[in-house]
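Have a look at the structure below before the remarks.
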Amino acid sequence: MGKIAFVFPGQGAQAVGMGKDVYEALPQSRAVFEKGDEVLGFPLSKLIFEGPESELKQTVNTQPALVTASVAYLEALRDLGVTPDYVAGHSLGEYSALVAAGVLSYEDAVRLVRLRGQFMEEAVPGGQGAMAATLGADRAALSELCRSISEAGNSVELANVNCPGQIVVSGTVAGVNEVVQRVKEAGGKRAIPLEVSGPFHSSLMKEAAEQLAAELQKVTFNAPVMPVIVNVTAAPVTDPEEIRNLLVAQVFSPVLWQDSVEWLIADGVDTFVEIGSGSVLAGLIRKIDKNVKLVNINSLGSAQTGW
């Protein structure tokens, strides 16, 4: 058998009710939700389980909610005794991966991502930033298109390199709109504007990154028990200080998800276990390499029976 990677989803995977099954059935998972409520000082678990969806979708709530659900499912999975060779997370999911690797405590992670969401929401006034998913575009050509648009005065950059043919761009409303209109110049079929509250993973987020950096300095980072493949470099990192610095850069840098998965596969990973709400990452990984094994741990049954 080849190597195993645990992967954790980011924003967009949230769903009202996520994790309620393990909360009700398993004491170790219930404890995660209870700790989250205690650390944040409000009933996050109630919002996760009951909604409303409009409130759960707010970045400041989505981020701690997703980390909480992922860690609750991770706790449910621990009984199976499965140990990954690597961990990785998509954007926000990197914090869940760091909890899995023992770098951060859950308590520190959930507090940090609540602040991360707040800083990201506040960094750019509402209505000034945007994101769009491009389909079918050539990566190099899209990067060049973004560069030329930015040089003309409307900032736009690659934000998420998700899989072949799916790249998200981020920047000013005018910059993103221009990519949407001109995506065929980069070989793309079309571009779909995304419902987001800000231009995440773009240089417009540098103010949020500076605020987050100050908070990250207050937290203990431990050496990981297994390597973490980080978004910014798509390579394994084991030095705690480097991980801390890369979390700052991650806020305004592209998420190199496709590169990260390709690195893992090249190093012998043939099984990807997505832990948390939904199955977004499994879909992306399947488009990168349809031959790898994909496992979703997003329900009590899947957490208890494994594969």
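Read-outs throughout are calculated quantities, based only on the coordinates presented, and are distinct from any laboratory measurement. All values derive from a computational prediction rather than experimental measurement. All Cβ positions, glycine included, derive from the backbone under ideal geometry; neighbour counts span all protein chains shown.
Quote the relative contact order of region 49-119 in percent (integer), defining contacts as alpha-carbon pairs under 8 Å separated by 6+ residues.
43 percent
Please identify every one of the trypsin sites (Lys or Arg not before Pro) in region 159-264 that sits in a loop by DSSP and has no more than 13 other beta carbons within 10 Å of its own beta carbon.
Answer in residue order: Lys189, Lys218.
For an R0 of 35 angstrom, estimate the FRET efficiency from the Cβ-Cβ distance between Gln58 and Ala140 and round to the nearest 0.05.
So the FRET efficiency works out to roughly 0.50.
Any idea what angle helix 257-266 forms with the longest principal axis of the chain, computed on alpha-carbon atoms, 0 to 90 degrees, nearest 10?
Between helix and principal axis, roughly 60 degrees.
In whole Hz, what ³J(HN,Hα) sequence does region 118-135 give by Karplus (6.51, -1.76, 1.60; θ = phi - 60°), x for Gly and Pro?
Karplus values, whole Hz, x for Gly and Pro: 5, 5, 5, 5, 7, 5, 10, x, x, x, 9, x, 7, 9, 8, 9, 9, 10.
Measuring from centroid to centroid over Cα atoms, what is the spacing of region 86-142 and region 286-307 in Å?
Their Cα centres are 22 Å away from one another.
For a quick check: with amide H placed at 1.01 Å from N, whose amide H comes under 5 Å from Gly165's, ignoring anything fewer than 5 positions away on the same chain?
Gly136
Dividing the Cα radius of gyration by the Kirkwood radius, what Rg/Rh value follows for region 129-196?
Reported Rg/Rh, Kirkwood definition of Rh: 0.91.
Just how many pairs of Lys in the chain have C-alpha atoms closer than 25 Å, counting pairs that are eight or more places apart or on different chains?
Lysine pairs satisfying the spacing and distance rule in the chain number 15.
Using modelled amide H (1.01 Å from N, peptide plane; none on Pro or chain starts), what sits under 5 Å from the amide H of Val255, excluding residues fewer than 5 places away?
Residues meeting the amide H criterion: Asn160, Val161.
Could you tell me the relative contact order of the chain? Use alpha-carbon pairs under 8 Å, at least six residues apart, and round to a whole percent.
Answer for the chain is 24 percent.
Nearest 5 is fine: what % of DSSP beta bridges in the chain come out antiparallel, could you say?
Here the share of antiparallel DSSP bridges comes out near 55 percent.
Simple spin-label model, 7 Å along Cα-to-Cβ: Ile192 to Arg286 in nm?
Label-label distance for Ile192 and Arg286, simple model: 1.5 nm.
Taking the Cβ of each residue in Thr134, Thr172 as the centre, tally the other Cβ atoms inside 10 Å and list the residues starting with the fewest.
Ordered from fewest to most neighbouring Cβ atoms within 10 Å, Thr134, Thr172 come out as Thr172, Thr134.
Give the calculated FRET efficiency between Arg147 and Glu24 to the nearest 0.05, with a Förster radius of 45 Å applied to their Cβ-Cβ distance.
FRET efficiency, Arg147 to Glu24: 0.35.
What percent does the relative contact order of region 129-196 come to when contacts are Cα pairs within less than 8 Å and at least six residues apart?
47 percent
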